[in-house]
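Student: Have a look at this one.
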Amino acid sequence: MGRRLLFLGPPGAGKGTQAAMLAKAIGVPHISTGAMLRDNVAQGTDLGKQAQAIMAAGDLVPDELVVAMVKDRLSQEDAACGYLLDGFPRNVVQAQALDDAIGAGALELALLLEADEEELVQRLLKRAQDEGREDDNEVTIRNRQQVYRDETEPLVGYYPDSGVSVVAVDGLGTISAVFARLVTALADN
């Protein structure tokens, strides 16, 4: 059985980039709920049709639908060797639903990319400017940081209580420097 990992970290910490690189390096699928939703919609699956209708109305896809998608994805053959979850669970309710759906041992380790919030806000503002994302202003970026603190950060306390180690890794620096720290953290845990 390969590694069963979860990536946590605030918006702008580089989770998507690092998760994709790490999953490839250790030979497990990178399971991003955002990508999974898009795939299900594109393939016209039953779950995708339900999700598309919800997203078209501008609403968030409910936890039970996302849990069903994740459970389905984790039952596929390539995930038998392990996986790296990115973007899910986003809160304690989703974490409990994942545990209920998959059972004990769904995760063995959570990697937490840490970074100074002011640094992240500046990074995201620069990215928004570089990519011409006018809807990404300081107010929306700070709001996403607050949502992360309120919703997702409690997982850092939840997981150790349920037997999953959380290992913090410094998320600031070059992509390769952060990646090297992640590889070391994984080797040590």
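Student: State yes or no: is GLU134 charged (D, E, K, R) and within 20 Å of GLY9 (Cβ to Cβ)?
Tutor: Criteria not met by GLU134.
Student: Any idea which of GLN146, GLN129 is loosely packed, with under 15 Cβ neighbours inside 10 Å and within 17 Å of the chain's Cα centre (by Cα)? Reasoning before the result, please.
Tutor: Details: GLN129 fails: within 17 Å of the chain's Cα centre (by Cα).
After ruling out the rest, the residue left standing is GLN146.
Student: Now for a separate question. Does any residue of region 128-150 turn out to be among the β-branched types (Val, Ile, Thr), in contact (Cβ under 8 Å) with a residue 40 or more places away in the chain, in a helix (DSSP H, G or I) and in contact with a Leu (Cβ under 6 Å, 6 or more places away or on another chain)? Quick ask: steps written out before the conclusion?
Tutor: Taking region 128-150 and keeping what is among the β-branched types (Val, Ile, Thr), we get 139-141, 147.
From what is left, the residues that are in contact (Cβ under 8 Å) with a residue 40 or more places away in the chain are 141.
Filter once more, keeping what is in a helix (DSSP H, G or I): 141.
Within this subset, residues satisfying the condition of being in contact with a Leu (Cβ under 6 Å, 6 or more places away or on another chain) are 141.
Checking region 128-150: at least one residue is among the β-branched types (Val, Ile, Thr), in contact (Cβ under 8 Å) with a residue 40 or more places away in the chain, in a helix (DSSP H, G or I) and in contact with a Leu (Cβ under 6 Å, 6 or more places away or on another chain).
Student: Okay, moving on. Quick one: is VAL156 modelled with pLDDT of 90 or more, outside any helix (DSSP H, G or I) and farther than 16 Å from ALA20 by Cα?
Tutor: Working: modelled with pLDDT of 90 or more: yes; outside any helix (DSSP H, G or I): no; farther than 16 Å from ALA20 by Cα: yes.
Considered against the rule, which asks whether it is modelled with pLDDT of 90 or more, outside any helix (DSSP H, G or I) and farther than 16 Å from ALA20 by Cα, VAL156 comes out as no.
Student: Within region 108-126, how many residues turn out to be over 18 Å from the mean Cα position of the chain (by Cα) and in a loop (DSSP other than H, G, I, E, B)?
Tutor: Adding up the residues that qualify gives 1.
Student: Give the residues of region 161-173 that are of a type outside the set (S, T, N, Q) and open to solvent by less than 70 Å² (accessible area, probe 1.4 Å), sorted by residue number. Walk me through how you get there before you give the answer.
Tutor: Let us first name the residues in region 161-173 that are of a type outside the set (S, T, N, Q), namely 161, 163-164, 166-173.
If the condition is that a residue be of a type outside the set (S, T, N, Q) and open to solvent by less than 70 Å² (accessible area, probe 1.4 Å), then GLY163, VAL164, VAL166, VAL167, ALA168, VAL169, GLY171, LEU172, GLY173 are the ones that fit.
Student: Could you list, in sequence order, the residues of region 109-126 that are open to solvent by 60 Å² or more (accessible area, probe 1.4 Å) and among the charged types (D, E, K, R)? Steps first, answer last, please.
Tutor: Here is the first cut: in region 109-126, the residues open to solvent by 60 Å² or more (accessible area, probe 1.4 Å) are 114, 116, 118-119, 122-123, 126.
Those that are open to solvent by 60 Å² or more (accessible area, probe 1.4 Å) and among the charged types (D, E, K, R): GLU114, ASP116, GLU118, GLU119, ARG123, LYS126.
Student: From the list ALA110, ALA115, pick out the single residue that is touching a residue at least 12 places away in the same chain (Cβ under 8 Å) and in contact with a Gly (Cβ under 7 Å, 6 or more places away or on another chain). Don't jump to the end; show me each part of the working.
Tutor: Details: ALA110 fails: in contact with a Gly (Cβ under 7 Å, 6 or more places away or on another chain).
On inspection, the qualifying residue turns out to be ALA115.
The values are calculated or read from the model by the stated rules, or taken from the named source; none is laboratory data. Source: prediction; values computed, not measured. No Cβ is skipped: glycine too gets one built from the backbone with ideal geometry, and neighbour counts run over all protein chains shown. Areas reflect the complete protein model, heavy atoms only, side chains present, ligands, DNA and RNA absent. Shrake-Rupley method; radii C 1.70, N 1.55, O 1.52, S 1.80 Å.
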